[in-house]
Amino acid sequence: MPFSTIQRQIIDEQGQAVSFGPIGPGRVAVVTGAASGIGLAAAQVLARQGMKLALCDINLELLERVGKEIVDDVFAGDSSSVILMKVDVSKFEEMVAFREKVLDQFGEVNVLMLNAAVFVGGGTFADNLPVWRKMIDVNLFGVINGTQAFVPFLQNQENDSVVIVTGSKQGITGPPGNAAYNVSKAAVKMLTEQLACELREAHSNCSAHLFVPGWVHTGAGGPESAAGEKPAGAWTAKETVAYMLEKLEKGDFYIVCPDNETSEDMDKLRMAWGASDLLLNRPALSRWHPEYKRKFEEYMREGLNPAAPGRSRSRGRGGDGYLTPSGERADSAYFGGAEVEIRDGGRRTPAE
Ligand SMILES: NC(=O)c1ccc[n+]([C@@H]2O[C@H](COP(=O)([O-])OP(=O)(O)OC[C@H]3O[C@@H](n4cnc5c(N)ncnc54)[C@H](O)[C@@H]3O)[C@@H](O)[C@H]2O)c1
């Protein structure tokens with residue numbers, strides 16, 4: 001869907017400007033995992049844009065607390081524009097009950113943000129089957145359930161809508177150490193790509209978007225990041241949501257957020273390197289392979305340095321990352337920016 005529709009306005013019979021796109025006054029936003037972090041920030045920002053809210057979370061106590069704050073701060077104590085419901089996104093019947101409540105009360109959905117997820121660390125093996133089950137149930141089936149429960153209705157309603165699925169860079173570049181989370185987020189990426197393509201082919205007025213936060217100071221990173229001050233390298237949830245809305249307005253499908261530690265150029269280079277493992281038949285996750293560690297560091301350093309030797313023409317920000325099949329970097333694999341210290345070329349990498 002062309003996203004100019006987000007800001008599209010029509011004039012009603014009284015000559016008043018009426019919002020027509022999915023985001024704007026009177027429209028309806030559904031957010032899963034809305035009791036904290038990015039989901040809560042999205043709810044707060046969308047409420048301030050005049051949208052009605054249907055918020056769900058597995059933590060009802062927290063959801064009711066933050067929901068009341070939104071009702072008081074944004075809706076002057078009138079709770080008729082806000083639905084708060086306890087939903088476990090991994091249970092399809094609970095998602096269906098949520099949809100029924102939303103449609104009964106608001107009649108349509110214009111923003112469906114499938115955001116709820118859990119983060120539990122752990123490798124591929126050991127006795128961590130319950131971790132796998134939980135992460136796939138919540139992170140992947142939460143999105144599948146949300147899609148199955150809501151999207152057929154979005155497709156049949158008159159007004160435009162967007163489905164925003166929260167992914168992760170870990171589902172793209174796959175840093176070792178969190179196998180189940182990475183698998184769940186890689187699957188979510190694929191699912192959202194498939195959904196977007198199907199909606200496009202169907203000429204639907206519903207579009208899907210993959211929202212990939214950077215490092216965001218929320219509860220997801222465990223006690224370290226949940227407590228105390230925001231680490232300098234992280235973005236706030238509100239910054240991340242503002243970036244998401246800016247890109248959504250442009251109609252972007254892939255919304256990959258930077259943070260204070262990782263620039264857009266660094267992300268592009270890392271993703272290009274990761275994709276090139278397959279093209280160049282390198283070892284799996286070669287970025288973390290001892291024999292490739294230095295090459296990767298050099299690649300990043302050169303890619304981020306516009307004055308690097310061997311670079312024949314100026315390369316602005318935002319080029320497409322690409323490695324030629326012979327393994328040489330094409331010009332367009334470079335992105336502008338200052339030389340940076342590469343800190344994560346080691347064996348294990350924290351979340352990215
Ligand atoms: N914080 C980051 O740095 C970061 C980075 C990349 C991606 N993400 C993604 O952003 C999204 C939001 O994460 P966050 O950082 O705001 O985390 P968060 O823990 O603050 O928020 C997640 C919310 O989901 C809820 N939830 C968990 N299980 C649920 C279930 N079964 N049903 C319903 N709700 C459930 C939690 O109660 C919580 O309120 C997640 O999809 C996460 O994977 C976060």
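Of the set (1) more than 16 Å from the ligand (Cβ to nearest atom); (2) without any contact (Cβ under 8 Å) to a residue 40 or more places away in the chain; (3) touching a Gly at 6+ places or on another chain (Cβ under 9 Å), all apply to L84 but (1). Applying the criterion of being away from the ligand (no atom under 15 Å from the Cβ) and outside any helix (DSSP H, G or I) to the residues of region 229-261, the residue that is modelled with the lowest pLDDT is E229.
Here A117 qualifies as part of a loop (DSSP other than H, G, I, E, B) and not charged (D, E, K, R). As a summary of the residue check, V96 satisfies the conditions (1) touching a helix residue (DSSP H, G or I) at 6+ places or on another chain (Cβ under 7 Å); (2) closer than 21 Å to G219 by Cβ except for the one numbered (2).
Of the residues making up region 52-64, those that are surrounded by fewer than 23 Cβ atoms within 10 Å (Cβ to Cβ) and touching a residue at least 12 places away in the same chain (Cβ under 8 Å) are I58, N59, L60, L62, E64. Only one of the listed residues (K134, K101, K68) is crowded, with 16+ Cβ neighbours inside 10 Å, out of contact with any Cys (no Cβ under 8 Å at 6 or more places or on another chain) and not aliphatic (A, V, I, L, M). That residue is K134.
Conditions tested, residue by residue: (1) modelled with pLDDT of 95 or more; (2) touching a strand residue (DSSP E or B) at 6+ places or on another chain (Cβ under 8 Å); (3) more than 14 Å from the ligand (Cβ to nearest atom); (4) closer than 26 Å to W235 by Cβ.
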position: V45; (1), (2), (3), (4): yes, no, no, yes
position: E61; (1), (2), (3), (4): yes, no, no, no
position: R65; (1), (2), (3), (4): yes, no, no, yes
position: D72; (1), (2), (3), (4): yes, no, yes, no
position: D78; (1), (2), (3), (4): yes, no, yes, no
position: V89; (1), (2), (3), (4): yes, yes, no, yes
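Among helices (runs of 4 or more DSSP H) entirely within region 123-219, having at least 3 residues that are touching a strand residue (DSSP E or B) at 6+ places or on another chain (Cβ under 8 Å) and within 11 Å of the ligand (Cβ to nearest atom) singles out 141-156.
The values are calculated or read from the model by the stated rules, or taken from the named source; none is laboratory data. Model, not experiment: these values are computed from the prediction. All Cβ positions, even for glycine, are placed from backbone atoms using ideal geometry, and neighbour counts span all protein chains on display.
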